[in-house]
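Visitor: Supplied in structure tokens, the structure appears directly below.
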Amino acid sequence: MEDASILDELLVCRLEQGRKVVEPCTLVIFGASGDLTSRKLVPALYHLFRAGQMPDPFRIVGFARRPKTDLEWRAELREALGRFSRTQPVDGAAWEAFAANLHYCAGEFHDLAAYQRLKRMVRGFGHPGLAHNLLCYLAVSPSQFGGVVDRLSAAALLEKRSDDKAGWQRVVVEKPFGSDLTSARNLNAELTRYTHETQLYRIDHYLGKETVQNLLLFRFSNAIFERLWNRDAIEQVQITVSERHGVGARGGYYEEAGALRDMVQNHLLQVLALVAMEPPVSLEAEAIRDEKVKLLRALRVWAPEQVRSQVVRGQYKAGLIGDLSCPAYRGEPRVAADSNVETYAALRVLVDNWRWSGVPFYLRTGKALPLSASEIRIQFKPTPHVLFAAQCGPRLDANSLTLRLQPDEGITLRFNGKVPGTTMQIRPVRMHFSYDAEFGAYTPEAYERLLLEAMAGDATLFIRRDEVEAAWSFVDGIRAGWEDAVLGDAEFYEAGTWGPAAADALLARYGHTWRHPQPVHEPRATR
Ligand code: BG6
């Protein structure tokens, strides 16, 4: 028998080798005064630094309108880290060492002279990697993307090309990538005027989540499940991303988005693509993205007259979530009193390909639901014949596999077991795998992983242009079916419930029922 400690050592060694090699570079954050920078980006970079994963050397430049000094910017970020860091208290010495690499460049996004100043700054860092390897993070509104890349290019900070010779320049953008197919195409055209597609990194933070990444590993490194991963064994799949909080202060943005654009077009369809895609030929970014886009293109686009029977939308009314009262969506700040925007969407999705023909994928997401949880439930077909009908009735509980993305990340297999005793009683039982129990509570934030991958030039976890466009084609079909119709009474749901009754009716028509995520911890207030 092999010595366990030697095996452990080998494993650690392989993981060390699996670390990304990141060349020295400068990361420029456009929109450095914004929420995303202080809440997510800088805490993520600080944690990468503490873990020894930042390149050596590196610099981070904040670019924003308001004039301030490096020291002032550092002080602001230090204060924000105290509030948003996933590790507390902040390690003072590590922060000081990290903060010495933070600089600030004040300028208007349209002002070429500001980009010239930025260029002098990065060239002045005195290292070829810092001067020529640039990761430009556009934490700004999509309407500003085009202007920023135009000026970057005019200042010769960004050169459109598909190789990394003599330095690389990459541009990271955040959703929304348009609001429909036409606007997404326009945005893509604007961005690719000055960047090659391989220089563009479109973030969907769901792809940075540890458990979402584990989907690939789970599917393609375990022989037993992949064999069952098709229409022969699977009856239906449910993907739920529920949120306990309402829209809160984000009403202005949400009025333009709604659940379909905010969550389904990106996060839910990305998770669906990973669950249902074919095995890629390799782990290369393009190989994986090729499979995802094939899957997205296989989604059946509902004709406008089918949308009513295949898609349910809803909006929350006032209600109690646990013991917290939640106002109606229409009463939230910056929301119109007669708003028709959906805060909930549930849809039956069919994948028209060989593997999934006839298997419904039920997707749902909503705000002000009873709890925040994201999970995928694979419901297997029942046994062909019920041997135990006399003891337990004509239908046995069918096996299911639940992949919990958050919280309580893990996997549960549900199957039937015999209740101990002299009678033949059958009851569903569960086999649980929990990340925390197995690996401890360490879960890096999605942005840590995504920033590291972007610096390392690995685009696997970022969305390619054709994926964005395929997802919009699907979502646009649904919007066409809604045709700005006014929400009916039955489309409202009370905050703190699992959405409108029509969502249950949708599944009931096909003989199915929603399986709601179960609370694992005491529900906590998130507003
Ligand atoms: C964002 C949406 O992309 O994802 C938000 O704009 C949503 O509306 C959030 O709340 C959910 O992300 P997470 O990581 O909290 O599940």
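Visitor: Can you find a residue in the range 375-396 that is within 16 Å of the ligand (Cβ to nearest atom), closer than 22 Å to GLU278 by Cα and touching a helix residue (DSSP H, G or I) at 6+ places or on another chain (Cβ under 7 Å)? Spell out how you get there, then give the answer.
Guide: Of the residues in the range 375-396, the ones within 16 Å of the ligand (Cβ to nearest atom) are 375-376.
Next cut, closer than 22 Å to GLU278 by Cα only: 375-376.
Okay, now just the ones that are also touching a helix residue (DSSP H, G or I) at 6+ places or on another chain (Cβ under 7 Å), so 376.
Yes, the range 375-396 contains at least one residue that is within 16 Å of the ligand (Cβ to nearest atom), closer than 22 Å to GLU278 by Cα and touching a helix residue (DSSP H, G or I) at 6+ places or on another chain (Cβ under 7 Å).
Visitor: Out of curiosity, is ARG427 crowded, with 17+ Cβ neighbours inside 10 Å and of a type outside the set (S, T, N, Q)? Please lay out each step first, then the result.
Guide: Values: crowded, with 17+ Cβ neighbours inside 10 Å: no; of a type outside the set (S, T, N, Q): yes.
For ARG427, the condition - crowded, with 17+ Cβ neighbours inside 10 Å and of a type outside the set (S, T, N, Q) - is not met.
Visitor: Which condition number in (1) open to solvent by less than 10 Å² (accessible area, probe 1.4 Å); (2) in contact (Cβ under 8 Å) with a residue 40 or more places away in the chain; (3) more than 16 Å from the ligand (Cβ to nearest atom) is the one that MET277 fails?
Guide: (2)
Visitor: Now for a separate question. Please determine, by comparing only the residues of the range 230-243 that are more than 10 Å from the ligand (Cβ to nearest atom) and in contact with a strand residue (DSSP E or B) (Cβ under 8 Å, 6 or more places away or on another chain), which one is nearest to PRO333 (Cα to Cα). Lay out the reasoning, then the answer.
Guide: Within the range 230-243, the first condition is being more than 10 Å from the ligand (Cβ to nearest atom), and the residues that meet it are 230-240.
From what's left, in contact with a strand residue (DSSP E or B) (Cβ under 8 Å, 6 or more places away or on another chain): 233-240.
Working: ALA233: 47, ILE234: 44, GLU235: 42, GLN236: 39, VAL237: 36, GLN238: 32, ILE239: 30, THR240: 27 Å.
By that ranking, first place goes to THR240.
Visitor: Scan the range 290-309 residue by residue and report those that are crowded, with 22+ Cβ neighbours inside 10 Å and of a type in the set (D, E, K, R). Don't jump to the end; show me each part of the working.
Guide: Within the range 290-309, the subset crowded, with 22+ Cβ neighbours inside 10 Å is 292, 295-296, 299.
Matches in the range 290-309: LYS292 only.
Visitor: Anything in the range 130-175 that is open to solvent by 40 Å² or more (accessible area, probe 1.4 Å) and within 16 Å of the ligand (Cβ to nearest atom)? List them, or say none.
Guide: Result: SER141, LYS175.
Visitor: OK, next. Collect the residues in the range 407-446 that are among the aliphatic types (A, V, I, L, M) and either away from the ligand (no atom under 16 Å from the Cβ) or in contact with a strand residue (DSSP E or B) (Cβ under 6 Å, 6 or more places away or on another chain) (or both), keeping them in residue-number order.
Guide: Applying the first criterion (among the aliphatic types (A, V, I, L, M)) to the range 407-446 yields 411, 413, 419, 424, 426, 429, 431, 437, 441, 446.
The answer is ILE411, LEU413, VAL419, MET424, ILE426, VAL429, MET431, ALA437, ALA441.
Visitor: A further question follows. Do we find that LEU450 is assigned to a strand (DSSP E or B), within 16 Å of the ligand (Cβ to nearest atom) and open to solvent by less than 50 Å² (accessible area, probe 1.4 Å) in this structure?
Guide: Details: assigned to a strand (DSSP E or B): no; within 16 Å of the ligand (Cβ to nearest atom): yes; open to solvent by less than 50 Å² (accessible area, probe 1.4 Å): yes.
When the stated conditions are applied, LEU450 does not pass them.
Visitor: On the basis of being open to solvent by 50 Å² or more (accessible area, probe 1.4 Å), at pLDDT below 95 and touching a helix residue (DSSP H, G or I) at 6+ places or on another chain (Cβ under 8 Å), does GLU190 make the cut? Can you show your working first?
Guide: Numbers: open to solvent by 50 Å² or more (accessible area, probe 1.4 Å): yes; at pLDDT below 95: yes; touching a helix residue (DSSP H, G or I) at 6+ places or on another chain (Cβ under 8 Å): yes.
In short, yes.
Visitor: A further question on this structure: Please tell me if GLY92 is at pLDDT below 95, surrounded by fewer than 19 Cβ atoms within 10 Å (Cβ to Cβ) and small (Gly, Ala, Ser). Outline the logic, then answer.
Guide: Working: at pLDDT below 95: yes; surrounded by fewer than 19 Cβ atoms within 10 Å (Cβ to Cβ): yes; small (Gly, Ala, Ser): yes.
Yes, satisfied.
Visitor: Next question. Could you please find all residues in the range 469-487 being part of a loop (DSSP other than H, G, I, E, B) and open to solvent by less than 30 Å² (accessible area, probe 1.4 Å)?
Guide: Of everything in the range 469-487, just one residue is part of a loop (DSSP other than H, G, I, E, B) and open to solvent by less than 30 Å² (accessible area, probe 1.4 Å), namely LEU487.
Visitor: For the range 159-185, what are the residues that are free of Cβ contacts under 8 Å to residues at least 40 places away in the same chain and in a loop (DSSP other than H, G, I, E, B)?
Guide: Step one: list which residues in the range 159-185 are free of Cβ contacts under 8 Å to residues at least 40 places away in the same chain, which gives 159-163, 165-167, 169, 171, 173, 182-183.
The answer is GLU159, LYS160, ARG161, SER162, ASP163, LYS165, ALA166, GLY167.
Visitor: Could you tell me which numbered condition THR365 fails, if it satisfies all but one of (1) touching a helix residue (DSSP H, G or I) at 6+ places or on another chain (Cβ under 6 Å); (2) within 16 Å of the ligand (Cβ to nearest atom); (3) not in a strand (DSSP E or B)?
Guide: Checking THR365 against (1) touching a helix residue (DSSP H, G or I) at 6+ places or on another chain (Cβ under 6 Å); (2) within 16 Å of the ligand (Cβ to nearest atom); (3) not in a strand (DSSP E or B), the one that fails is (3).
Visitor: So, one more: So, in the range 244-274, of the ones that are of a type outside the set (Gly, Ala, Ser) and touching a Lys or Arg at 6+ places or on another chain (Cβ under 8 Å), which residue ends up farthest from the ligand (Cβ to nearest atom)?
Guide: Just the residues of the range 244-274 that are of a type outside the set (Gly, Ala, Ser), to begin with: 244-245, 247, 250, 253-256, 260-272, 274.
From what's left, touching a Lys or Arg at 6+ places or on another chain (Cβ under 8 Å): 245, 247, 255, 260, 266, 270, 274.
On the way: HIS245: 8, VAL247: 7, GLU255: 13, LEU260: 12, ASN266: 7, GLN270: 11, LEU274: 15 Å.
This residue is LEU274.
Visitor: Kindly indicate the residue of the range 178-219 that is within 15 Å of the ligand (Cβ to nearest atom) and of a type in the set (D, E, K, R) and also nearest to ARG151 (Cα to Cα) among those meeting that condition.
Guide: Among residues in the range 178-219 that are within 15 Å of the ligand (Cβ to nearest atom) and of a type in the set (D, E, K, R), the one nearest to ARG151 (Cα to Cα) is ARG202.
Visitor: Among the residues of the range 91-136, count how many are part of a loop (DSSP other than H, G, I, E, B), touching a residue at least 24 places away in the same chain (Cβ under 8 Å) and not acidic (Asp, Glu).
Guide: Step one: filter the range 91-136 for residues part of a loop (DSSP other than H, G, I, E, B), giving 91, 100-101, 107-111, 124-127, 133.
If we keep only those that are touching a residue at least 24 places away in the same chain (Cβ under 8 Å) too, we end up with 91, 101, 107-111, 125, 127, 133.
From what is left, the residues that are not acidic (Asp, Glu) are 101, 107, 109-110, 125, 127, 133.
So the answer is 7.
Visitor: Follow-up. Identify all residues within the range 204-241 that are at pLDDT below 95, closer than 26 Å to LYS40 by Cβ and open to solvent by less than 40 Å² (accessible area, probe 1.4 Å); write none if there are none.
Guide: Selection gives ASP204, TYR206, LEU207, GLY208, LYS209, THR211, VAL212, GLN213, ASN214, LEU215, LEU216.
The values are calculated or read from the model by the stated rules, or taken from the named source; none is laboratory data. Model, not experiment: these values are computed from the prediction. All Cβ positions, even for glycine, are placed from backbone atoms using ideal geometry, and neighbour counts span all protein chains on display. These area figures cover heavy atoms from the full protein model, side chains too; ligands, DNA and RNA do not enter into them. Shrake-Rupley method; radii C 1.70, N 1.55, O 1.52, S 1.80 Å.
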